[in-house]
Amino acid sequence: MDVLVFIMVLVFSYLLGSIPFGYLIARIFKKIDIRKHGSHNIGATNVFRVVGKVHGSACLILDISKGVISVIFISDIYYGYFNNFMPLTWLKIIFGL
């Protein structure tokens, strides 16, 4: 059971980290493909330059939130499942990656 829950949390963390907030923000608010403007990157810096300060800041906050949710919330919530599986520090490192 521990391994199954671990794999489910790992998959959830991966899927959460794969959300391209920079692309989504540029597409929703400015109707542009951010990959074709500026540095051609979907990161917060390019969104900040091309779309604007507010949208770039929102992108940065959302990108940071993905890591925070994966590392802090998920590992702490599911730590009860993994008490005998591995230490909490290793869980945070794995879910963060």
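Out of curiosity, is Val54 outside any loop (DSSP other than H, G, I, E, B) and within 23 Å of Leu97 (Cα to Cα)? Against the criterion (outside any loop (DSSP other than H, G, I, E, B) and within 23 Å of Leu97 (Cα to Cα)), Val54 does not qualify.
Would you check which residues across region 11-32 are open to solvent by less than 30 Å² (accessible area, probe 1.4 Å) and at pLDDT 95 or above and list them? Listed by number, the residues that qualify are Gly22, Ile25, Ala26.
The values are calculated or read from the model by the stated rules, or taken from the named source; none is laboratory data. As the structure is a prediction and not an experimental result, all values here were calculated from the model. Remember, those area values only see protein heavy atoms, side chains included, never the ligands or the DNA or RNA. Shrake-Rupley method; radii C 1.70, N 1.55, O 1.52, S 1.80 Å.
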